[in-house]
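To start, the structure itself, in structure tokens.
The values are calculated or read from the model by the stated rules, or taken from the named source; none is laboratory data. Predicted model, so just to flag it, every value in this text is computed and none were measured. Positions of Cβ are generated from backbone atoms using ideal geometry, with glycine treated the same way; all protein chains shown enter the neighbour counts.
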Amino acid sequence: MLEYVTEAIVLDKVDLGELDSRVYLFTKDFGKITAKIKSGRKIISKLASHTEPLNLVTVRIVDKNSPQLIDALISKKGIPGKTLFKIVSLVRDISPEGQPDHNLWELLVALADSGAKAGDFSSALKILGFDPTCAKCNNCLKGSPDFFSVKDLIFYCKDCYQ
Ligand SMILES: [Zn+2]
């Protein structure tokens, strides 16, 4: 059984039935971790306010067969915004599990701290290996595409995107 403590940005949280929830974290030391918050309602309510999306937290995780979040302490609330929610969804969806990425960590902490601008989505894409500056529209091969499909992991220009 492994137990570890690390800093993390909360990417997302979903309820699993009445008592459990699943939290998506981007951690400083281990990259993305999807952890369960299990057991009684009391623990959930204690952890709930700390594990809201965009929060910068220190987490304690126990990994028996799968990661379980057993403690979380908020150190800072992130500044909400459309672009930042887009970025954390992107990281949740396409970042590999358990692979630390120092550049992505620094970017997420900076954006949670000061808020994200539209161009920051491109920076996140670039770190994740999808550099928009040398990308082409997947359909017509035009350069400087305007859209990225997270589902298909490809770029589109605005004429081809629907
Ligand atoms: Zn196109």
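The table below lists the values:
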| item | result |
| --- | --- |
| Any chance Lys28 is farther than 17 Å from Lys64 by Cβ and among the basic types (Lys, Arg) | yes |
| Evaluation of Asn55 against (1) more than 22 Å from Leu19 (Cα to Cα); (2) in contact (Cβ under 8 Å) with a residue 40 or more places away in the chain; (3) surrounded by 15 or more Cβ atoms within 10 Å (Cβ to Cβ) (one fails), failing number | (1) |
| Residue count, the stretch 136-154 (criterion: under 25 Å from Asn103 (Cβ atoms), touching a strand residue (DSSP E or B) at 6+ places or on another chain (Cβ under 8 Å) and either modelled with pLDDT of 95 or more or not hydrophobic (A, V, I, L, M, F, W, C) (or both)) | 5 |
| Restricting the stretch 126-149 to residues that are surrounded by fewer than 15 Cβ atoms within 10 Å (Cβ to Cβ) and away from the ligand (no atom under 11 Å from the Cβ), the residue that is farthest from Ile87 (Cα to Cα) | Cys134 |
| Leu69 in contact with a helix residue (DSSP H, G or I) (Cβ under 8 Å, 6 or more places away or on another chain), over 25 Å from Leu19 (Cα atoms), of a type in the set (A, V, I, L, M) and surrounded by 17 or more Cβ atoms within 10 Å (Cβ to Cβ) | no |
| Checklist (1) farther than 21 Å from Lys151 by Cα; (2) surrounded by 15 or more Cβ atoms within 10 Å (Cβ to Cβ) applied to Lys86, failing item | (1) |
| The lone exception for Gly98 - which of (1) away from the ligand (no atom under 16 Å from the Cβ); (2) surrounded by fewer than 18 Cβ atoms within 10 Å (Cβ to Cβ); (3) at negative phi it fails | (3) |
